[in-house]
1. Restricted to the range 154-164, and to residues that are touching a Leu at 6+ places or on another chain (Cβ under 8 Å) and under 18 Å from Q188 (Cβ atoms), which residue is least open to solvent (accessible area, probe 1.4 Å)?
2. Search the range 169-187 for residues that are under 10 Å from L210 (Cα atoms) and pair each with any residue that is in a strand (DSSP E or B) when their beta-carbon atoms are under 9 Å apart and the residues are at least 6 apart or on different chains.
3. Consider K237 carefully, then state whether it is charged (D, E, K, R), modelled with pLDDT of 80 or more, closer than 23 Å to I295 by Cα and open to solvent by 80 Å² or more (accessible area, probe 1.4 Å).
4. Would a scan of the range 31-42 turn up a residue that is in contact with a Leu (Cβ under 9 Å, 6 or more places away or on another chain) and part of a loop (DSSP other than H, G, I, E, B)?
5. Report yes if V203 is assigned to a loop (DSSP other than H, G, I, E, B), open to solvent by less than 40 Å² (accessible area, probe 1.4 Å) and among the β-branched types (V, I, T), otherwise no.
6. Among residues belonging to the range 206-234 that are in contact (Cβ under 8 Å) with a residue 40 or more places away in the chain and within 23 Å of G16 (Cα to Cα), point out the one that is most open to solvent (accessible area, probe 1.4 Å).
7. I need every pair where a residue in the range 140-166 that is closer than 17 Å to R204 by Cα has its Cβ under 6 Å from the Cβ of a residue that is part of a helix (DSSP H, G or I) and open to solvent by 50 Å² or more (accessible area, probe 1.4 Å), sequence separation at least 6 or different chains.
8. Please go through the range 268-288 and pick out each residue that is part of a helix (DSSP H, G or I), free of Cβ contacts under 8 Å to residues at least 60 places away in the same chain and not hydrophobic (A, V, I, L, M, F, W, C).
Amino acid sequence: RASKGTSTVLILGESGTGKEVFANAIHNASPRRYAPFIKVNCAAVPENLLESELFGYEEGAFTGARKGGKPGKFELANGGTIFLDEIGDMTMAMQAKLLRVLQEREYERVGGTKTLKTDVRVVAATNRNLESMIEKGEFRQDLYYRLNVITITIPPLRERKEDIPSLSLSLLKKINRQLQCGVEGISQEAMYLLREYNWPGNVRELENVLERAVNLIDDEISIQPWHLPPLLKLNNKPGSDREEVGEGLSGVLVEAEKEAICKALEASGGNRSKAAKLLGIHRSGLYQKLQKYNIKTP
């Protein structure tokens, strides 16, 4: 619905939830999809450079200014979409100048006298509480009303854990393409650990964890628990804050794993390498499990 119109969109959500991905998706599904999608991280550009970054500058506007001047992001985005990320980090002075652009659809280059018109769809995003900032005098109320036409709030990953399996497999495909790997999936045990973790870094952290796991894979064809960071496993040890149902499932998985290992060792006559092959895991992974469960071999 947001993509169909030209109204300003405000995307709210914690860091790492995928606000830029949503902004890009809105642009790609809109009538402006064939025009530019220009991104600006308002927190990453120094305060004294942000105005020229957004609106451009004329030749001789300041020392070091490029001959002939330089177009700003609003000029480059004309006809398309401009994504203003971390809008909550913009200074009050810049907020006033942005408000004018949103209201009048016009601006001037730094050092210029000519008024330029703009046809740009603005999508803004922040991980900060703008209403709280308004109360503290840190964000302009009139700008907030201009931005807050269509609001999309992206929930943190810990509040949508049912999405973790599909997100993980989608991210795994992306990582396989980037690293030119052929990891086929994620084991049931590893997925259980992923679903139990609270993900303070949200989807960005999930992607980093999966990329780490892919880099650690040796002979296996899927991600196993021992490929995941210790933090995820510590978070799921007995005594951590989990529901009783989770504790019960964890216990069932542990007992099933112990039984499978013992049967594989028995079938292989105590040969660890053969047992690892029967279980479909790497030898080092089997050693870790033997130590974890204190299983003795002949």
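The values are calculated or read from the model by the stated rules, or taken from the named source; none is laboratory data. Source: prediction; values computed, not measured. We place every Cβ from the backbone using ideal geometry, glycine too, and count neighbours over all the protein chains shown. Heavy atoms of the whole protein, side chains included, go into the accessibility calculation; ligands, DNA and RNA do not. Shrake-Rupley method; radii C 1.70, N 1.55, O 1.52, S 1.80 Å.
1. Checking each candidate, the answer is I164.
2. L169/G185; L169/I186; L172/G185; L172/I186; L172/I223; I186/S222; I186/I223
3. no
4. yes
5. no
6. Once the filter is applied, the top-ranked residue is K233.
7. Hits for this filter: K161/R195; I164/R195.
8. If the condition is that a residue be part of a helix (DSSP H, G or I), free of Cβ contacts under 8 Å to residues at least 60 places away in the same chain and not hydrophobic (A, V, I, L, M, F, W, C), then R272, S273, K274, K277, R283, Y287 are the ones that fit.
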